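A.B. asks: One structure follows; several queries about it will come next.
The values are calculated or read from the model by the stated rules, or taken from the named source; none is laboratory data. Given the structure is predicted, the values throughout are model-derived calculations rather than measurements. In this analysis, Cβ positions are derived from the backbone assuming ideal geometry, glycine residues included, and neighbour counts consider all displayed protein chains.
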Amino acid sequence: METTQIGDSTQIKGPVKDFLLGNIGRRSFLRRLTATGLTATAAHQYMELLASPAASPRVGAADEGKVSVVEGTAGEVFVEQLKQCGVRFVFFNPSTGDYPIFDALLNRSDMQVIMALQEGVLTAMADGYAKASGKIPFVTCARPGFPNTLVHMFNAYKDRTPMIVSIDQAEQSSLGRWGFQVVDDLAKVAEPFTRWRWETRNAATLAEDVRRAFKFAGTPPTGPVFLMIPSNILGTESVKSEIINQSQFIVSHNVRPDTSEVEEVAKHLLEAETPVLFVGSEVHRLGAEEEVVELAELLSLPVVQEPSRWTNSFPTDHSLYLGRYRSNMRYPGPIDFLLNLGGWLPVPRGNRPSVPRSTKIAQVKFDIENLGRIYPSILSSPSSVKLFARDLMEAIRSQTTEARRKQLRETRGAQTAEFTRKMRQSLESAAQSRRDATPISHERLALELRDKLDPRCCVVHELDSGGVGLNHLTFGHNAMGYFDTTSAILGWGIGAAMGVKLALPDRQVVALLGDGAFMFGGDQSLWTAKRYQIPIIIVVQNNGAYDNERNRIWARGGLQAKAGKDMTCYIGDPPIQYTKFAEAYGVGAEKVEDPNDLGAALQRAINSTRDGEPYLLDVVIGRQGMGADSTWYPAYSLADERKLKV
């Protein structure tokens, strides 16, 4: 194996030697390197160099851009192909049939296993990791536990998040016999939530099946893939197979638009009186944030974000940013031309379109299944939003003068900036007016987060009513990172936050979630955070209710609203002690009820994560909206009923 020289410093040699000998772990190694004066980034680079692929002696790793023929157990072949697909973390929970995979991982320092106690946490972690890293994660779990993955596979499917979910299938001879933990066709269960499903037929094609799974997951429209491997095939002792680097089979996203398409959009933008730039999650996924900002500034285009999004694709403090798209926006008035770069246009409400038929629409995105799905468009281009934005700027510059662009800055640009200034001023005034409210207001929590958190921290959001606080934080390419789900199925937040932290270890990560969301499996996530010392801050906004759900129900004017009685959404009795969950797993935690205690509590949480430990804050938040004061629910006591019968 070729050796890479990493330095001759006496200070560095000590920790390097201890790391190679296995005397210290990764975290201690990084701490000792940064203590010598190295930056965190440089320390991670040293660790990556030292943790170069260390395959089984019988398995030769494929070099970049090359194909290698290897021989080993099916598990060794499988793991080596995973490595060449870019996998570093294997998200798993125990499965007897998967033992060949973990045999092959036993002596590999270049791959790390991350365990969860429940399968839904695995897919949530993989989702967060994929969104933050841009890589395709790998999940494996026990066959009977596979249905638990489906909740967050659904989240991933709706967000077009690529991932591989694998199980050990019963061997062929067991099928059809109603055997223990055997379902004849699990692929049908996965079908609604996956891009592709496959069961390996023989050991000789195992590596090829893995490659194909990654290819389907990563090809637009991207999404989860389900791979089943019969246990007898995975247990094969000797397999000879090609191992191929992912660069040889992953489809490139660098698809350039047709010149005529770009020129047509430039023409419409220049002729429009009230154009809007509509940006979506694909802008973030393809790393096109800088190009999109430059494009907006070039023509002083007002910018709106797709209403349902899993990330932020434009700086929220920019003078051209209007917030989420609404069908009845106060500014800029009726939109005559909308350029959609990488987003999902809002679904109509009944027969009422959310984008008026009078608005001309041009769409650029790889999600060809949703191009033109609802709204007629003058252009539907399945090309890279990054390259389209670059080419569009060239076309605009060639068709305009600097004087024309200056005139747009002084009119449309100045008008938009004045509108956004007043909008933010109004939001700030509203937040300050609720600053000292008790119970703590969503706005006060947001102001404290804004004051205490790192300006480039990553916020993982799983809130409904609590989402109002996000208006007071600044998200964008060079500001805070934002991660969410478009389908908002609960129980995702803490697992996803751990995945984001694994992908971005040098950035602060905060999970903001409601008490209802926490109760969908958040406690199980705490075990994983503690075991692997994944230092995230978890903020549970505890108002004892599904607040917005009640507001939506009562807004319909039914009997509950008229009687002032909430049948379904109050969860404050019995009161849930979220700090006790954390205590059970050895995670630091505290409850915050006074708004004046928030700042100090957040600082203690930050200090804990700096020491490599997760921390949970149970923040008692006030309920809002219709029925906010109601604590009534349809009480029932089985114990009392039995006493009456005795």
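A.B. asks: Got a sec? Which strands (runs of 3 or more DSSP E) wholly within segment 20-126 have at least 3 residues that are at pLDDT below 95?
C.D. replies: 67-72
A.B. asks: Does residue 481 count as touching a Leu at 6+ places or on another chain (Cβ under 9 Å) and either part of a loop (DSSP other than H, G, I, E, B) or at pLDDT below 95 (or both)?
C.D. replies: Answer is no for this residue.
A.B. asks: Look at segment 159-195 and say how many of its residues are at pLDDT below 95, over 18 Å from residue 233 (Cβ atoms) and outside any loop (DSSP other than H, G, I, E, B).
C.D. replies: Adding up the residues that qualify gives 6.
A.B. asks: Output the residues belonging to segment 525-545 that are surrounded by 19 or more Cβ atoms within 10 Å (Cβ to Cβ) and either in a helix (DSSP H, G or I) or of a type in the set (Val, Ile, Thr) (or both).
C.D. replies: 525, 526, 528, 529, 534, 536, 537, 538, 539, 540
A.B. asks: Give segment 582-610 a look and list any residue that's touching a residue at least 40 places away in the same chain (Cβ under 8 Å), crowded, with 20+ Cβ neighbours inside 10 Å and small (Gly, Ala, Ser), or say none.
C.D. replies: 582, 605
A.B. asks: Can you name every residue in segment 339-388 that is part of a helix (DSSP H, G or I) and in contact with a strand residue (DSSP E or B) (Cβ under 7 Å, 6 or more places away or on another chain)?
C.D. replies: 385, 388
A.B. asks: Would you pick out the residues in segment 607-631 that are hydrophobic (A, V, I, L, M, F, W, C) and touching a strand residue (DSSP E or B) at 6+ places or on another chain (Cβ under 7 Å)?
C.D. replies: Across segment 607-631, the qualifying residues are 616, 617, 619, 620, 621.
A.B. asks: What are the pairs, 6+ residues apart or on separate chains, where a residue within segment 454-470 that is modelled with pLDDT of 90 or more has its Cβ under 8 Å from a residue that is surrounded by fewer than 18 Cβ atoms within 10 Å (Cβ to Cβ) and of a type in the set (D, E, K, R)?
C.D. replies: 454/507; 456/507; 457/507; 458/507
A.B. asks: State which residue pairs qualify: first residue under 15 Å from residue 379 (Cβ atoms) and in the same structural domain as residue 378 (by TED's automatic domain parsing) and inside segment 269-288, second residue basic (Lys, Arg) and surrounded by fewer than 24 Cβ atoms within 10 Å (Cβ to Cβ) in any location, beta carbons under 6 Å apart, and separation of 6 or more residues or different chains.
C.D. replies: If the second residue must be basic (Lys, Arg) and surrounded by fewer than 24 Cβ atoms within 10 Å (Cβ to Cβ), no pairs are left.
A.B. asks: Pick out, from segment 202-308, the helices (runs of 4 or more DSSP H) lying fully within it that include 1 or more residues that are farther than 30 Å from residue 85 by Cβ and more than 31 Å from the chain's Cα centre (by Cα).
C.D. replies: Fully inside segment 202-308 and qualifying: 259-271, 289-299.
Listed here are the residues, each with its yes/no results for (1) within 21 Å of residue 427 (Cβ to Cβ); (2) not aromatic (Phe, Trp, Tyr).
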residue	(1), (2)
275	no, yes
306	yes, yes
310	no, no
315	yes, yes
325	yes, no
332	yes, yes
377	no, yes
